[in-house]
Amino acid sequence: MGKKIIVTVDGLSSCGKSTLARALAKELGYIYIDSGAMYRAITLYFLRNNLNWNDPRQVEEALGNIELHFETNPVTQRSEMHLNGENVEYIIRDIVVAEKVSEVAAVKEIRSFAVAAQQKMGEKKGIVMDGRDIGTTVFPKAEVKIFMTADEAVRVERRFAEMYDKNPNITLEEVKTNIELRDYIDSNREVSPLRKANDAIVLDNTHLSEKEQLQAALKIVQGRMQPA
Ligand code: CDP
């Protein structure tokens with residue numbers, strides 16, 4: 001494929017954004033960036049250090065001490081989140097982090113910090129980035145924008161299965177409550193709430209397999225990349 005572009009994938013919690021974005025990046029030979037992992041890693045830092053994300057002084061100090069980067073796991077070839085040199089890819093998926101991440105991600109200064117880092121990663125294009133505000137705030141001029149949705153019951157089931165694998169003590173109710181709470185906070189916060197960008201194409205994957213959703217997304221990308 002010719003000139004490299006930016007593909008954004010936004011949507012509600014647990015609707016399969018990262019599965020699709022990762023597969024799409026692989027198919028296009030692009031870099032996949034999980035912006036949610038950055039908010040999760042920041043949240044982990046606050047929790048571990050007993051810091052208050054509603055105190056501007058503590059936020060400023062924390063952000064000065066946080067270094068985030070992604071590294072490819074040589075075995076799985078997956079990109080993994082590192083916080084101050086530590087691989088936190090696994091621990092940031094814990095329910096303890098999930099329960100607080102939307103509150104942390106609603107703080108203006110924290111968003112500015114993450115968005116600046118995300119925009120830097122996209123300078124050379126050739127990326128697929130998933131999140132909540134990627135097509136609206138991070139890359140408003142992205143060439144391809146996908147907005148994913150799926151029925152809530154399906155999203156809860158999928159995330160429950162994923163979390164149960166790592167933690168058999170988790171309940172479906174806990175996962176449901178968390179997804180509903182995050183969707184509410186993410187959609188109603190003041191700064192960059194979750195919104196479909198006007199030029200985003202909706203992809204509902206309630207009834208699609210992973211392969212089918214990839215095919216649908218590739219069609220969207222190809223449609224937008226037709227030479228003028
Ligand atoms: O669980 P899921 O994969 O759907 O979420 P995630 O992508 O890991 O994101 C975790 C949380 O980070 C979201 O619930 C949002 O509060 C926040 N987030 C955000 O505010 N903006 C982004 N671009 C990505 C994530």
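Summary of computed values
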quantity: Scope the range 17-32; condition surrounded by 24 or more Cβ atoms within 10 Å (Cβ to Cβ) and either near the ligand (Cβ under 9 Å from one of its atoms) or assigned to a strand (DSSP E or B) (or both); matching residues; calculated: K17
quantity: Selected residue (criterion: farthest from the ligand (Cβ to nearest atom)) from residues of the range 92-124 that are open to solvent by less than 10 Å² (accessible area, probe 1.4 Å) and among the polar types (S, T, N, Q); calculated: Q118
quantity: Unmet requirement for S14, which otherwise passes all of (1) within 14 Å of the ligand (Cβ to nearest atom); (2) modelled with pLDDT of 95 or more; (3) not in a helix (DSSP H, G or I); calculated: (2)
quantity: Meets criteria (within 15 Å of the ligand (Cβ to nearest atom) and at pLDDT below 95) for K176; calculated: no
quantity: Scope the range 28-68; condition aliphatic (A, V, I, L, M) and either within 16 Å of the chain's Cα centre (by Cα) or under 30 Å from G16 (Cβ atoms) (or both); matching residues; calculated: L28, I31, I33, A37, M38, A41, I42, L44, L47, I66, L68
quantity: All helices (runs of 4 or more DSSP H) inside the range 52-127 with 1 or more residues being under 25 Å from I170 (Cα atoms); calculated: 95-104
quantity: Filter pass, N65 being surrounded by fewer than 12 Cβ atoms within 10 Å (Cβ to Cβ) and modelled with pLDDT of 95 or more; calculated: yes
quantity: Filter result (open to solvent by less than 20 Å² (accessible area, probe 1.4 Å) and either farther than 14 Å from L218 by Cβ or within 8 Å of the ligand (Cβ to nearest atom) (or both)) within the range 1-11; calculated: I6, T8, D10, G11
quantity: Selection within the range 196-209 - within 15 Å of the ligand (Cβ to nearest atom) and of a type in the set (D, E, K, R); calculated: K196
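Table: residues versus (1) small (G, A, S); (2) in a helix (DSSP H, G or I); (3) within 15 Å of the ligand (Cβ to nearest atom).
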site	(1), (2), (3)
R159	no, yes, yes
E162	no, yes, yes
N169	no, no, no
R182	no, yes, yes
D186	no, yes, yes
E190	no, no, yes
L194	no, no, yes
K211	no, yes, no
L214	no, yes, no
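The values are calculated or read from the model by the stated rules, or taken from the named source; none is laboratory data. For clarity, every value in this text was computed on a predicted model and none was experimentally measured. Ideal geometry is used to build each Cβ from the backbone, glycine not excepted, and the neighbour counts take in all protein chains shown. Just so you know, the surface numbers come from the protein's heavy atoms only, side chains and all, with ligands and any DNA or RNA stripped out. Shrake-Rupley method; radii C 1.70, N 1.55, O 1.52, S 1.80 Å.
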